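Each value in this text was obtained by applying a stated rule to the coordinates, not by laboratory testing. This one's a predicted model, so the numbers in the text were calculated from it and none came from an experiment. For neighbour counting, all protein chains shown are included, and Cβ atoms are generated from backbone atoms with ideal geometry for every residue, glycine included.
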Amino acid sequence: MNINSNIKYIIGILLLILLPFLINNEYLLHLLIMGGIYTLLVSGLNLIVGYIGQLSLCHPAFFGIGAYTTGLLFKRLSTPFLLNFLLAGIITAIISIGFGYITLRVRGSAFIIMTVSFLHIMHLLVLNEVDFTMGQKGISGIPNINILGYNFNTKTSYYYLILILCLFTLFIIYRLVNSEIGRAWKAIRDNENLAKSIGINVFKFSNFAFVSGAFIAGLAGSIYAYYINYISPDLFLFSITTTLLVMLIMGGKGTILGPVIGAIIFTLLPEYLRFISEWRMPVFGVILILGILFFPRGLFSIKEILSMKMKKKEVSS
Amino acid sequence: MFLQLLINGLVVGSGYALIAVGHTIIFGMMKIVNFAHGELYMIGAFFTFSFVLLFNNYYIGFLVAMVICILIAIFSEKVLFHRLIDEDIMTTTLITIGISIFLMNIVQILWGANPRTIPQPFSEKPVIIGDIFITKPRIFIFFTAIVIIGVLHWFIKYTKTGKAFRATFQNRQAALLVGININYIYTLSYTIGATVAGAAGGLLGMIYVIEPTMGVAAVGKAFAIVITAGKKSIYGAIFIAYGLGVIESLGSGYISSQYKDVFAFIILILVLLFKPEGIFGKKGA
Amino acid sequence: MLKVENIAVNYEETRALKDISLEIKEGEIVSIIGSNGAGKSTTLKAISGIVGLQSGNIEFKDKKINNLSPEEIVKAGISHCPEGRQLWPDMTVLENLEMGAFIRENSESIQKDIQETFDLFPILKGKEKQTAGSLSGGEQQALAVARALMSNPQLLLFDEPSLGLAPQLIKDIFNKIQLLRDEGKTILLVEQNANIALKTSDRTYVIEKGEVVLHGKSEELIENQEVKEIYLGM
Ligand SMILES: Nc1ncnc2c1ncn2[C@@H]1O[C@H](COP(=O)(O)OP(=O)(O)O)[C@@H](O)[C@H]1O
Ligand SMILES: [Mg+2]
């Protein structure tokens with residue numbers, strides 16, 4: 001990274017810090033907070049989909065597990081935020097280790113199906129184990145976050161919390177992707193057999209990416225539970241998977257900033273396209289199809305595609 | 001109780017068999033991981049529902065709905081699925097998920113989300129043998145499925161086009177080299193696979209509630225069946241489909257009905273752990 | 001009978017054929033030799049229409065065929081017996097043969113030809129109902145050749161028929177190929193086994209890296225110093 005782009009990032013972060021004062025609009029702030037939560041989710045999903053190249057469709061389950069861990073801990077034991085938050089991440093990670101240990105032995109369609117089934121089964125469990133989870137009714141009355149006496153009772157406070165969490169997560173992911181680990185991930189994605197033959201433990205590295213993504217989703221779920229004060233089995237719906245995929249694909253999988261861009265745009269866009277209300281999901285379906293067909297590297301690859309075409313022309317002429 | 005559950009299971013299995021046969025054909029022939037397959041089941045049910053009301057006759061309504069399914073299948077194969085042949089699994093999965101969401105929600109908008117069932121043409125009086133109790137639509141579903149599977153078997157086994165179909169399924173390049181028009185075979189395969197799934201919808205819709213989201217669970221089952229059977233085994237998929245129907249039925253009778261959808265997943269995990277090539281699959285295939 | 005003029009073929013980014021020209025006259029056996037990856041199979045695939053041309057021209061019996069589909073090319077009278085046999089493993093021997101005659105309509109003459117097949121390849125006799133996958137290597141190669149004959153071709157393309165066969169079986173297959181020529185078929189033969197290719201054919205093209213580097217009468221090439229060193233290992 002050169003100084004020039006460092007300055008760009010610093011200006012960007014400053015802008016983000018000043019944003020609540022600039023917009024002064026509660027609803028927009030709410031959308032940005034949701035965009036931040038989606039950023040966490042999509043960035044985590046990106047690890048397995050974008051860097052390992054395995055399509056996981058159960059990511060909302062980890063979000064839901066994090067949220068339910070938080071909700072239930074609060075309901076049953078009234079434990080404090082920091083503990084709930086960490087436990088949400090850890091329990092989610094442990095469950096994902098178990099699941100990944102079984103399923104990441106297989107690639108392709110079998111893995112994809114196992115992930116859908118897992119999401120479906122978690123949904124069934126949360127719906128049916130009413131004594132434990134309160135079933136369809138969900139868990140309400142989760143209080144605002146309270147850290148050492150400071151009460152998060154404004155949108156602005158949540159905004160900064162999410163902002164810090166996002167920046168921190170993205171920084172970690174950035175470091176990971178540009179380390180030996182990230183190189184191993186990409187080697188697996190590009191050619192699994194080749195990766196194996198040069199001694200990369202595909203199973204171990206795939207699991208690590210999967211579990212890291214789940215851990216982040218668990219933390220995001222915890223924050224979500226505190227922010228919305230209410231959780232329900234709807235967190236485990238496949239439509240959330242779809243939303244995450246649209247964000248990831250359109251933003252650009254296998255990049256650091258792609259998930260951020262995708263998450264923000266596809267949180268804001270539907271809200272500002274309210275006139276399409278009931279057409280939202282069919283439109284998402286079409287966007288997904290067209291996105292994959294025409295922008296396999298994400299919307300913001302247009303520039304890259306154009307420049308690549310030019311290069312090709314140069315070579316051939 | 002046992003016999004009753006067994007028979008119920010075979011009826012459910014008939015539906016699974018029809019859906020899974022189509023899925024195996026599309027998966028084995030075109031290598032497409034088709035997440036939108038369940039939506040054909042769903043569309044088959046909805047069109048049957050509407051046409052049965054329109055013509056006030058189940059049989060005519062069902063046949064007209066199947067014609068519509070065939071047209072939709074041909075159209076979608078030519079426009080979209082044909083491009084997906086041999087694409088990597090991530091691409092096909094994501095695109096077919098897109099199609100699935102699109103169709104599901106379009107149906108939801110056009111027909112509304114309230115659950116309904118297809119009016120059935122039989123008398124309400126069930127057939128009672130000893131202490132077993134079978135409603136007439138169930139008997140009809142079971143035998144219609146057998147007839148469809150039988151016709152499919154005859155077609156694949158004995159007709160020239162059916163042999164060309166098998167040839168393309170087993171070795172595409174060899175099929176090209178003897179002059180088989182494989183594009184035609186692809187369109188045909190997709191159409192057969194999709195329409196058979198549609199037929200399952202038109203049949204099972206008499207005994208189950210139909211709703212726009214019904215395809216999602218169906219495609220999950222179809223995948224579990226196809227992978228359990230071994231991906232390229234059409235007859236294996238049929239066998240596993242009936243087996244799964246029976247297991248689910250027994251499982252919900254003796255263990256828990258809320259979790260009947262979990263059995264397919266457990267079987268799938270066991271197969272992937274202990275026989276990853278599938279029960280009827282060949283190693284290395 | 002067949003004229004291939006300056007064809008080039010790409011597989012996505014990689015160029016498999018740069019510039020190949022060759023010609024085969026009616027009744028000839030012509031062979032193509034060259035090392036692994038030279039573009040031999042691709043040349044045959046281009047002729048039978050399963051890969052497209054980047055540039056160049058292919059004529060069969062004075063008609064341009066490079067825009068035809070594989071189906072139309074089979075109908076025109078070219079049959080391609082592919083590398084690695086490519087049988088349908090779960091179909092029976094009989095079904096494999098029937099499918100070889102896919103483009104033909106008259107079922108009586110097809111049945112007659114199937115009977116003749118078993119006379120020409122006695123090792124397949126009594127195995128009609130067995131699946132192709134259950135046959136031995138030699139039987140499979142015989143079936144592959146027999147299947148290619150079922151479309152009643154005038155020109156036969158053979159891709160490495162000796163692959164994976166024991167010496168005696170190789171001899172058998174090449175005897176059959178010569179027999180086919182005596183019956184009036186024209187044959188284009190691709191081989192890595194240069195020795196047997198040169199001995200069986202009238203003329204030979206040597207290709208390397210997608211280009212013809214040498215061609216001439218087989219009996220002359222067999223004496224050529226370069227050919228001897230590189231392809232015959234002498
Ligand atoms: N399906 C394919 N995709 C990409 N490259 C291919 C494909 N088939 C062959 N090639 C490449 O084209 C070249 C020629 O291959 P081929 O015609 O099979 O050679 P030969 O038959 O002489 O061994 C080789 O470099 C090979 O790697
Ligand atoms: Mg070759």
| By how many degrees, between 0 and 90 and to the nearest 10, does the Cα long axis of helix B:160-170 differ from the longest principal axis of chain B? | 70 degrees
| For the stretch B:148-220, the fraction of alpha-carbon pairs in successive 5 Å shells from zero, as % | 3, 14, 20, 19, 13, 12, 10, 6, 2, 1
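For chain B, what is the relative contact order in percent, using Cα pairs closer than 8 Å and at least 6 residues apart in sequence?
Working: 444 pairs, mean separation 108.3, N = 285.
Worked out over chain B, it gives 38 percent.
Arrange A:290, B:80 by Cβ neighbour counts within 10 Å, fewest through most, would you?
Values: A:290 13, B:80 16.
Going from sparsest to densest Cβ surroundings: A:290, B:80.
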| Quick one: Cα centre-to-centre distance for the stretch A:138-186 and the stretch C:76-101, in angstrom? | 61 Å
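Mind pulling up the Rg/Rh value for chain B? Radius of gyration and Kirkwood radius, both on Cα.
Values: Rg = 18.5 Å, Rh = 19.2 Å.
Here Rg/Rh amounts to 0.96.
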| query | Using alpha carbons only, how many degrees (0 to 90, rounded to 10) separate the axis of helix B:58-76 from the longest principal axis of chain B? | reply | 30 degrees
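Local charge sum around residue A:203 (other residues, Cβ-Cβ under 11 Å, Lys/Arg +1, Asp/Glu -1)?
For residues surrounding residue A:203, the net value is +3.
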| message | Counting pairwise Cα distances across the protein assembly as shown, what percent come out greater than 41 angstrom? | response | 46 percent
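Taking beta carbons within 10 Å but only from partner chains, what does the mean come to for residues B:98-109?
On the way: counts 15, 4, 4, 16, 9, 2, 5, 9, 4, 1, 3, 4.
Per-residue shielding by partner chains comes out at 6.
When DSSP beta bridges are limited to those with both residues in chain C, what percentage is antiparallel, rounded to the nearest 5? List each step's numbers first, then the result.
On the way: 21 of 40 bridges.
Of all bridge pairs located within chain C, approximately 50 percent are antiparallel.
For C:150, B:104, what's the fewest-to-most ordering of other Cβ within 10 Å of each Cβ?
On the way: C:150 22, B:104 26.
Taking fewest neighbouring Cβ atoms as first place, the list is C:150, B:104.
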| So which aspartates and glutamates pass the test for residue B:275, namely a Cα distance under 17 Å, with those fewer than 8 places away in the same chain ruled out? | none
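Expressed as a rounded percentage, what relative contact order does the stretch C:1-55 have, with Cα pairs under 8 Å and six or more residues apart? Walk me through the intermediate numbers first.
Details: 69 pairs, mean separation 21.5, N = 55.
The value is 39 percent.
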| How many Lys pairs in the stretch B:2-223 lie less than 27 angstrom apart by Cα atoms, where the lysines are 8 or more positions apart or on different chains? | 12
| Cα-based helix-to-principal-axis angle, B:2-30 vs chain B, degrees rounded to 10 | 20 degrees
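So what is the relative contact order for chain C, in percent, with contacts set as C-alpha pairs under 8 Å and at least six apart? Mind dumping the intermediate values first?
Working: 442 pairs, mean separation 65.6, N = 234.
About 28 percent, as a whole number.
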| Under a plain spin-label model, where a point goes 7 Å from the Cα along Cα-to-Cβ, how far apart in nm are residue A:168 and residue C:112? | 8.7 nm
| Global size of chain C as Cα Rg and Dmax, reported in angstrom | 17.3, 52
| message | Taking the number of other C-beta atoms within 10 Å as the exposure measure, put B:58, B:158, A:230, C:205 in order starting with the fewest. | response | B:158, A:230, B:58, C:205
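Assign unit charges at the C-beta atoms only (+1 for Lys and Arg, -1 for Asp and Glu), then state the dipole size of chain A relative to its Cα centre in Debye, rounded to the nearest 20. Display every interim value, and only then the final one.
Values: 22 positive and 11 negative charges, 176 e Å.
Roughly 840 debye for chain A.
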| query | Straight-line reach from residue C:75: which aspartates and glutamates have a Cα under 18 Å away, not including same-chain ones fewer than 8 places off? | reply | C:26, C:59, C:62, C:98, C:105, C:113
| field | Number of partner chain Cβ atoms within 10 Å, mean per residue of C:64-76 | value | 3
| query | So which of C:25/C:185; C:3/C:40; C:171/C:199; C:25/C:63; C:3/C:217 end up more than 20 Å apart, counting from Cα to Cα? | reply | none
| Put +1 on the Cβ of every Lys and Arg and -1 on every Asp and Glu Cβ in the stretch A:21-316; which of A:203, A:118, A:268 then has its Cα farthest towards the positive end of the dipole? | A:203
| remark: HN-Hα couplings for the stretch A:185-200 via Karplus (6.51, -1.76, 1.60; θ = phi - 60°), in whole Hz with x for Gly/Pro, come out as 4, 5, 4, 5, 4, 6, 6, 4, 5, 4, 4, 4, 5, 8, x, 7
| query | Any idea how far the Cα center of the stretch C:1-69 sits from the one of the stretch B:96-138, in Å? | reply | 56 Å
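So what is the calculated 222 nm ellipticity per residue for chain A, using -39500 (n - 2.57) for each DSSP H run with n of 4 or more, over all residues, to the nearest 500 deg cm²/dmol?
On the way: 14 runs with 234 residues, N = 317.
Calculated mean residue ellipticity at 222 nm is -24500 deg cm²/dmol.
Semi-axes of the stretch A:21-316's equivalent ellipsoid from the Cα gyration tensor, sqrt of 5 times each eigenvalue, largest first, rounded to whole Å? Could the numbers behind the result be given before it?
Working: eigenvalues 196, 114, 70 Å².
Square roots of five times the eigenvalues give 31, 24, 19 Å.
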| said: Could you tell me the center-to-center distance, by alpha carbons, between the stretch C:159-183 and the stretch B:211-227 in angstrom? | reply: 51 Å
| task | Would you be so kind as to identify which of B:234, B:212, B:122 lies farthest towards the positive end of the dipole of chain B, taking Lys and Arg as +1 and Asp and Glu as -1 on Cβ and the Cα centre as origin? | result | B:234
